[in-house]
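Since the structure comes first, as C-alpha cells, the remarks are kept for the end.
FYI, it's all coordinate maths here, none of it is from the lab. Just so we're clear, the structure is a prediction, and the values are computed from it rather than from any experiment. All Cβ positions, even for glycine, are placed from backbone atoms using ideal geometry, and neighbour counts span all protein chains on display.
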C-alpha cells in the first residue's frame, strides 16, 4: 500500500475493503465511527489514548499578539483550544527504525 502525504477517510476505507473484504460502505462506517469515538472522547474527557498508537489531548492556548506576515499588521489571536498528538513509544521506535534503514 502506497500512502500519499494526505490520507482521506475514503483512502482508509478502501484499504480496509481490500484488506478484509468488507463492503466499502461498512468500511467507511467503521472509519467514521472511529473518528467519532476520538472526537467524543476529547469532548468528554479532554484526552483519548489509543494503545500502541498515541494520545490526543486538548490544550488551552492563551490569547496573544500575532502578526500578519504579508502586511506586518499586529492582530490579537484569541484564546482557544487546540488538539495535540503525542505518538506512542512503539510508533516512534518504528519511525526511527525506518529512518535508520535508509
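Screening 34, 38 for residues that are on the phi < 0 side of the Ramachandran plot, in contact (Cβ under 8 Å) with a residue 12 or more places away in the chain and in a helix (DSSP H, G or I) leaves exactly one candidate, 38. Filtering 72, 5 for residues that are exposed (fewer than 12 other Cβ atoms within 10 Å of the Cβ) and under 22 Å from the mean Cα position of the chain (by Cα) leaves a single hit, 5. Considering only residues that are over 30 Å from residue 51 (Cβ atoms) and surrounded by 10 or more Cβ atoms within 10 Å (Cβ to Cβ), which ones fall in the stretch 75-92? Answer for the stretch 75-92, where residues must be over 30 Å from residue 51 (Cβ atoms) and surrounded by 10 or more Cβ atoms within 10 Å (Cβ to Cβ): 75, 77, 79.
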